[in-house]
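Student: Got a structure for you, written out below as structure tokens; questions coming shortly.
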């Protein structure tokens with residue numbers, strides 16, 4: 001009898017802990033480095049992994065570099081090449097961070113919340129601390145998190161003739177969107 005009660009208590013606690021972490025394997029990360037000289041440096045990755053812990057406010061994303069899709073295959077080759085992101089040596093982007101003020105989001109109540117997230121973005125093996133605005137919408141059992149921000153390519157040792165020549169933005173816009181359950 002004691003064993004049964006212990007197992008039921010353990011299952012209940014485990015379920016409660018699991019419910020605090022919302023995840024997805026289909027977050028979308030968009031990269032827009034277009035300029036007035038070239039509208040093509042845009043890509044999207046629809047297979048990013050994302051997680052948010054509704055109890056602690058921790059946030060994490062990981063995106064495989066080769067899963068960014070460009071309309072121009074040549075652009076995709078350059079993006080993954082050694083001079084740019086060198087995806088063979090650095091296969092993913094990662095972000096690990098925290099909602100700056102976790103009390104600003106009530107995950108137990110449906111609604112839209114504006115907040116900020118700060119943490120470390122790792123691109124091409126280079127880590128940079130960033131702080132970005134975020135929107136979190138709680139609806140039923142799901143959480144939709146979005147953020148729009150820019151990064152400086154030079155901060156991640158990404159350079160080259162297209163950037164210097166103005167065909168690729170030095171500070172591309174990044175959009176992250178995830179529906180987590």
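Student: Taking residue 152, is it at pLDDT 95 or above, out of contact with any helix residue (DSSP H, G or I) (no Cβ under 9 Å at 6 or more places or on another chain) and closer than 22 Å to residue 32 by Cα?
Tutor: Yes; evaluated as a whole, the condition is true for this residue.
Student: Same structure again: Assess whether residue 130 counts as being part of a strand (DSSP E or B) and farther than 20 Å from residue 102 by Cβ.
Tutor: Against the criterion (part of a strand (DSSP E or B) and farther than 20 Å from residue 102 by Cβ), residue 130 does not qualify.
Student: Separate question: For a quick check of your reading of the model, give me the residue pairs whose first member lies in the stretch 46-65 and is on the phi > 0 side of the Ramachandran plot, whose second is crowded, with 18+ Cβ neighbours inside 10 Å, with beta-carbon atoms closer than 7 Å and at least 6 apart or on different chains.
Tutor: 57/99
Student: Further question on the same structure: Sort out which residues of the stretch 38-54 are surrounded by fewer than 18 Cβ atoms within 10 Å (Cβ to Cβ) and modelled with pLDDT under 95, and write them in order of number.
Tutor: 38, 39, 40 - these are the residues of the stretch 38-54 that are surrounded by fewer than 18 Cβ atoms within 10 Å (Cβ to Cβ) and modelled with pLDDT under 95.
Student: Just to be sure before I move on: is residue 143 loosely packed, with under 15 Cβ neighbours inside 10 Å, closer than 17 Å to residue 29 by Cα and under 15 Å from the mean Cα position of the chain (by Cα) in the structure I sent?
Tutor: no
Student: Could you tell me how many of the residues in the stretch 91-124 are in a loop (DSSP other than H, G, I, E, B) and in contact with a helix residue (DSSP H, G or I) (Cβ under 7 Å, 6 or more places away or on another chain)?
Tutor: 2
Student: Among the residues of the stretch 66-87, what is the count of those that are without any contact (Cβ under 8 Å) to a residue 24 or more places away in the chain and touching a helix residue (DSSP H, G or I) at 6+ places or on another chain (Cβ under 8 Å)?
Tutor: 2
Student: Hey, among 124, 167, which residue is under 18 Å from residue 63 (Cα atoms) and crowded, with 16+ Cβ neighbours inside 10 Å?
Tutor: 124 is the lone residue from the list that is under 18 Å from residue 63 (Cα atoms) and crowded, with 16+ Cβ neighbours inside 10 Å.
Student: For residues that are under 23 Å from residue 142 (Cβ atoms) and either over 19 Å from the mean Cα position of the chain (by Cα) or part of a loop (DSSP other than H, G, I, E, B) (or both), tally how many sit in the stretch 55-90.
Tutor: Counting residues in the stretch 55-90 that are under 23 Å from residue 142 (Cβ atoms) and either over 19 Å from the mean Cα position of the chain (by Cα) or part of a loop (DSSP other than H, G, I, E, B) (or both) gives 3.
Student: Tell me which residues, restricted to the stretch 39-54, are touching a helix residue (DSSP H, G or I) at 6+ places or on another chain (Cβ under 7 Å) and in a strand (DSSP E or B).
Tutor: 43, 45, 47, 53
The values are calculated or read from the model by the stated rules, or taken from the named source; none is laboratory data. All values reported here derive from a predicted model rather than from experimental measurement. Every residue, glycine as well, gets a Cβ built from its backbone with ideal geometry; the counts of neighbours run over all protein chains shown.
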